[in-house]
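The values are calculated or read from the model by the stated rules, or taken from the named source; none is laboratory data. Quick caveat, the model's predicted, so the values are computed rather than measured. Note that each Cβ is placed from the backbone with ideal geometry, even for glycine, and that neighbours are counted across all protein chains shown. Surface accessibility is based on the protein's heavy atoms, side chains included, excluding ligands, DNA and RNA. Shrake-Rupley method; radii C 1.70, N 1.55, O 1.52, S 1.80 Å.
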Amino acid sequence: MEDTAGRLPDEAVEKLRGSECLVVLTGAGVSAESGVPTFRGKDGLWKDHRPEQLATPQAFEKDPELVWDWYHWRRSLVREVSPNPAHYAIAELERRVPDFTLITQNVDGLHLRAGSENVFQIHGDLHHARCSECAAIIALHGQEGLVTCELCQGQMRPNVVWFGESLNVRYLELAYSAAGRSDFLIVAGTSNVVQPAASLAYAALGNGGYVLEVNLDPTSLTGSASATVLGKAGEVLEELVRLAFGEPSESRV
Ligand code: OAD
């Protein structure tokens, strides 16, 4: 394991250049440079809010308005911000490596706005709501208050995965299958404490894949990753793409 402060190992650049199956796993740190707060850390969302009061089915049952308002606030915030160089670098990687999968824990939709296409938003997305009764999904366009399902009059809830809920099984199968066959996996901007995302890197390592971690600080993965680069995801990933592939193939959207 190589632990570097902001410096990309040559081996990582060379292996990425030759990669035929690339997986990128992202967390809140990738959106931090856009101005979206992370969950943990000194300015993280979980510093002022308890997850069990806002991000559990029980919290929604107890006080749907509070939960809805919190998600509305987060949705309004991400509408005001733009993708950053990390999102664009990841979208560029998809254009460079034929077998590419992006797995994100982020619900902000910024990867899609940056042009990524093959994306599993394994924790759902902020911009849709789902009926608690009939599971109908609707796009949200700035609705402030609680929304009722037009089909069954059930209570709409944010289309996100809450603590204590299961992830989409099909997404998980595809995510593990991609990680298991990948020759290169990038883990960027995640504290690696929430399962099952935290174990995807080990699926790659177990099959001989190269795992590059990019984070401001060391995490529990740092000792096991092939290399860890400590730095801002936007800067490190932009540099990684430039070193491996040269200038971007398309202008930004
Ligand atoms: P966290 O807030 O736990 O971790 C963010 C990570 O990003 C930390 O390790 C930071 O050091 C790192 N970081 C911050 N800024 C960065 C930057 N500019 N460049 C690189 N790294 C940076 O967020 P997640 O790991 O995404 O789940 O959290 C996982 C899940 O826990 C979330 O999806 C959410 C949360 O509770 C649910 O809501 C179900």
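Just a few scattered comments:
- Inclusion of Phe100 among residues that are open to solvent by less than 70 Å² (accessible area, probe 1.4 Å), part of a helix (DSSP H, G or I) and either at pLDDT 95 or above or touching a Ser or Thr at 6+ places or on another chain (Cβ under 9 Å) (or both) is not warranted.
- The residues of segment 39-48 that are open to solvent by 60 Å² or more (accessible area, probe 1.4 Å) and more than 7 Å from the ligand (Cβ to nearest atom), listed by number, are Lys42, Asp43, Lys47, Asp48.
- Check on Val187, in contact with a His (Cβ under 9 Å, 6 or more places away or on another chain) and either assigned to a loop (DSSP other than H, G, I, E, B) or within 28 Å of Ser224 (Cα to Cα) (or both): no
- Test result for Val24, assigned by TED's automatic domain parsing to the domain that holds Gly189, modelled with pLDDT of 95 or more, closer than 22 Å to Val160 by Cα and β-branched (Val, Ile, Thr): yes
- Pair list, Cβ < 8 Å and 6+ apart or interchain, from segment 206-235 residues that are farther than 14 Å from Gly27 by Cα to residues that are acidic (Asp, Glu) and crowded, with 20+ Cβ neighbours inside 10 Å: Thr222/Glu213; Ala225/Glu213; Ala227/Glu213; Thr228/Glu213; Val229/Glu213
- Scanning segment 158-167 for any residue that is at positive phi, of a type outside the set (S, T, N, Q) and at pLDDT below 95 turns up at least one such residue.
- Checking the stated criteria, Asp63 turns out to be open to solvent by 40 Å² or more (accessible area, probe 1.4 Å), away from the ligand (no atom under 14 Å from the Cβ) and under 18 Å from Gly164 (Cβ atoms).
- Sole exception among (1) among the polar types (S, T, N, Q); (2) surrounded by fewer than 17 Cβ atoms within 10 Å (Cβ to Cβ); (3) touching a residue at least 60 places away in the same chain (Cβ under 8 Å) for Thr148, by number: (3)
- Matching residues in segment 11-34 - criterion: being within 18 Å of Pro83 (Cα to Cα) and open to solvent by 50 Å² or more (accessible area, probe 1.4 Å): Glu33
- Of the residues in segment 184-196, not one is of a type in the set (A, V, I, L, M), modelled with pLDDT of 95 or more and open to solvent by 10 Å² or more (accessible area, probe 1.4 Å).
- Single residue of Arg95, Arg74 found to be part of a helix (DSSP H, G or I), over 13 Å from the mean Cα position of the chain (by Cα) and not assigned by TED's automatic domain parsing to the domain that holds Leu200: Arg74
- Test: residue in segment 27-41 that is more than 19 Å from the chain's Cα centre (by Cα) and assigned by TED's automatic domain parsing to the domain that holds Thr104: no
- Residues satisfying the stated conditions in segment 189-214, i.e. at positive phi and more than 12 Å from the ligand (Cβ to nearest atom): Gly208
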